[in-house]
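A.B. asks: For reference, the structure I am asking about is given below.
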Amino acid sequence: MSNERSVSLYAVGDIALGDHPLTVGHGVASKLKEHGPLYPFEYARHHFRNADIVFGNLEYAMFKLKKSGTLSTLQTRGEECCVKGLKWAGFNVLNLANNHIQQHGKNALINTINLLGKNCISSCGISSKGSKYYSQPTTIEKNSICLGFLGYSLRPRQYFKDKPLYCEGNKKIIISDVTQLKKDVNHVIVSLHWGDEFIDHPSPSEIRLAHDIIDAGASIILGHHPHVLRGIEHYNNSLIIYSMGNFVGDMLWENRMRQTMIVSININNDRIGDTAIIPMYINDNYQPAPCPPQYERQIRRKIAKLSLELEKIDIEPIDNNAKDYTVAVKKELLKNKLNSRIYFLRNIFNYSSPILIQQLKRFILSRLPID
């Protein structure tokens, strides 16, 4: 029997503790209001009980709502009580470097950071001020093994123009931080909010970037944002998880956005040990729940297939590779747009009259030409 020290890391993808723009009034927020903040994690919690570290990407800020009744203020936000559910579930590191976390302003993000800190949950992905890092590292030591977390958003700003409080990453910034942090920890773990939505494989440029980050000294890359699962690559004795999909959320209009997983990683002093996935499925109440047997097999086969296909992707910077990928992305975006509109029509009576009017107005304005 081995006495080698190890740390168990459990990681999940996007945690959206509020209503998606298309589900305002009947999404995650409504279930939280009805059942309380522990509700989203009631099926997932027991998986985390034996984990030393539980990681996820927190999509929405948590803050008190000063204005009510408008679509823009109600969407993509969490109540402050949501932190109780995160703590109860066992999360102790959350990435905040993503495209939605500052959608409601800097104060909402600051409030979220403070809430997490008061509940012993570390924030990953915040811009560093006056230090040698771009992204402020989060370090955790367990069983005499020190892990350093860095977080970055590689997605463009959507809701504001000023420099955000979270860290925006590029190759130079990330490699600089990884190289520096590697001097002080056993393992560097990089959280990346990246990639195009709804497509189940990374672009050649994303694979090249991931390899460069690993070559610089990172042991694990935890990817999120695409809303769908992607493959897992073992590269240079390290681990790249390109996308862990949604974990808590109300984007139910496509089956692939409901398929999710918990990734368990055993980390030894000087190497990455065993890795496994726990397939889950987001149920009609927006909870990650145990899979029916057919879905569990489907998810396992999907991850195995997507992981194998990573080896076949040509990552050389050839124009045709980029063009082919762009075409594939547009196809998936179009598919999602169609399915989301079908969802809207099927749920039209679930919206309150004021929200429905605002939804229709938003749709009409989006169709008008803009000079």
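A short reminder: the numbers here are calculations on the coordinates, not readings from a lab. Everything numeric in this text was worked out from a predicted model, so none of it was measured. Every residue, glycine among them, receives a Cβ derived from its backbone with ideal geometry; neighbour counts consider all protein chains shown.
A.B. asks: From the P(r) of the chain, can you give the percent of Cα pairs sitting at distances over 32 Å?
C.D. replies: 29 percent
A.B. asks: Next question, about the same structure. How many percent of the alpha carbon pairs in segment 145-189 exceed a separation of 13 Å?
C.D. replies: I get 59 percent for the Cα pairs in segment 145-189 exceeding 13 Å.
A.B. asks: So how do 264, 243, 219 line up by other beta-carbon neighbours within 10 Å, fewest first?
C.D. replies: 264, 219, 243
A.B. asks: Pull up the cross-link candidates among the aspartates and glutamates for residue 142, meaning alpha carbon to alpha carbon under 20 Å and not fewer than 8 places away within one chain.
C.D. replies: Those aspartates and glutamates meeting the cut-off are 4, 52, 184, 270, 274.
A.B. asks: Give me the log10 of I(q) over I(0) for segment 64-177 at q = 0.18, 0.24 Å⁻¹, as the Debye formula computes it from C-alpha points; what are the numbers?
C.D. replies: Computed log10 I(q)/I(0) values: -1.00, -1.44.
A.B. asks: Treat the count of other C-beta atoms within 10 Å as a stand-in for reagent exposure and order 7, 329 from fewest to most.
C.D. replies: In order of increasing Cβ crowding within 10 Å: 329, 7.
A.B. asks: Can you put 149, 198 in order of Cβ neighbours within 10 angstrom, beginning with the fewest?
C.D. replies: Ascending Cβ contact count within 10 Å gives the list 198, 149.
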